[in-house]
Amino acid sequence: MNLALANLNQLVRQRYAGTPAETAANQVLHASDEDLRRLLRHHRTQAITARQEIRLRDGFDDLLSFYGLVELGCVSSAFPDPLLDALFDHAREILGRGAVQAYYTQHYPLVLPGQFYQRLQANPSPVQVSSSDGIGAYFELLDTIAILDDDENVDSFLHLLDDYWFGSFSLATFVDLLDVPEGFVECLLQAPEGAMGRSVHGFRTFLVFCLGFDRLLTRLARSSTTSLLVRPFWGASEYWFRVLKNQLGAELGRGVGIVESWGNTPAPPGHARSDLHGVLNRLATCNYTS
């Protein structure tokens, strides 16, 4: 087995086989068009409140994320191309269904699923990095994304970022907590309990993730051999970066300003405290130049 195929099989084992993503793929393959349109509707059409629907949609989001990472593995030459496997025959069928295409092109626009679908149609992206630098950058991307995967609390903060309320606890309520840094730090030192505790711990993880992603994209942009990967790699977390852009002009921007005003708290490694807003703005807009 060659190295590129071994790399692909490793991603399949980690992010597809036996996971909610595989469950979602099987569900989509066998669902009627009507059932699929209902499941993958925009949440503003009808709120998503049933636990089973939430679970299936979360699995479907994981599936799209997996497809996006396969596309990036091909772009960076970490994976074989073309992809010869029944799994990807199913991917072509899934990504070509009308309700699925409406989900990733209209309801929640994402570039990578459509780009991967074109690759499966023998029309791959013209962006291709063939050097070992691209392969190394891809695995660094996976390590950076794993920062979010490894903390179950981060979903609580991301839900707040996406305007979800836990009872009366919202993003605005969370930002109010930042006004009392001593209490916020005390919450971090305790085991996460309830929506507030989980969100506080998740916020810390989200910032660590953002700082790491920013460092990766900044370094890629500065190299002539990897600068073409900046925009595709940004797409790996495109949804959350677009949400971030919207929230920086509102409650999250207020929260970042409060964090930057904390006088005696240590800065994250490699960054000045005053640079936090700059990091988040770059990620929100993919504003990286070589």
>> How large are Rg and Dmax for the range 133-285 when calculated on the C-alpha trace, in angstrom?
In response: 15.7, 49
> Once you have the alpha carbon radius of gyration of the range 143-206, what is it after dividing by 2.2 N^0.38 Å, with N set to its residue count?
Replying inline: 1.06
> Hey, can you list the DSSP H helices of the chain whose Cα span along the axis is 30 Å or longer and whose average Kyte-Doolittle score is at least -0.5?
Replying inline: 51-75, 194-221
>> Can you give the FRET efficiency to the nearest 0.05 for GLU182 and TYR108, using r as the Cβ-Cβ distance and R₀ = 30 Å?
In response: 0.20
> Plugging the Kirkwood radius over Cα pairs into Stokes-Einstein for the range 3-128, at a temperature of 10 °C and a viscosity of 1.306 mPa s, what D comes out in µm²/s?
Replying inline: 106 µm²/s
> Which order do peptides 167-173, 96-102 fall in by mean Cβ count within 10 Å, highest first?
Replying inline: 96-102, 167-173
> Which part of the range 96-126 falls in the paramagnetic zone of ARG44, meaning amide N under 20 Å from the point 7 Å along Cα-to-beta-carbon?
Replying inline: 99-111
> How high is the FRET efficiency between PHE166 and THR285 when r is their beta carbon distance and R₀ equals 41 Å, given to the nearest 0.05?
Replying inline: 0.90
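State the three equivalent ellipsoid semi-axes of the range 85-197, derived from the C-alpha gyration tensor as the square roots of 5 times its eigenvalues, in descending order and whole Å.
38, 20, 12
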>> Based only on Cα atoms, what mean projected area does the convex hull of the chain have, in nm²?
In response: 15.8 nm²
> Debye sum, Cα scatterers, the range 57-103, no solvent: what log₁₀ I/I(0) at q = 0.14, 0.18, 0.22, 0.29 1/Å?
Replying inline: -0.37, -0.60, -0.85, -1.17
> For the range 13-67, what is the Kirkwood hydrodynamic radius in Å, using each pair of distinct C-alpha atoms?
Replying inline: 11.6 Å
>> Starting from the 7 Å offset along Cα-to-Cβ, what nm value, one decimal, do you get for the label separation of SER224 and SER32?
In response: 6.0 nm
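Read-outs throughout are calculated quantities, based only on the coordinates presented, and are distinct from any laboratory measurement. The structure presented is a predicted model; accordingly, all values stated were derived computationally and were not measured. Reconstructed Cβ throughout: ideal geometry from the backbone, glycine too, with neighbour counts over all protein chains shown.
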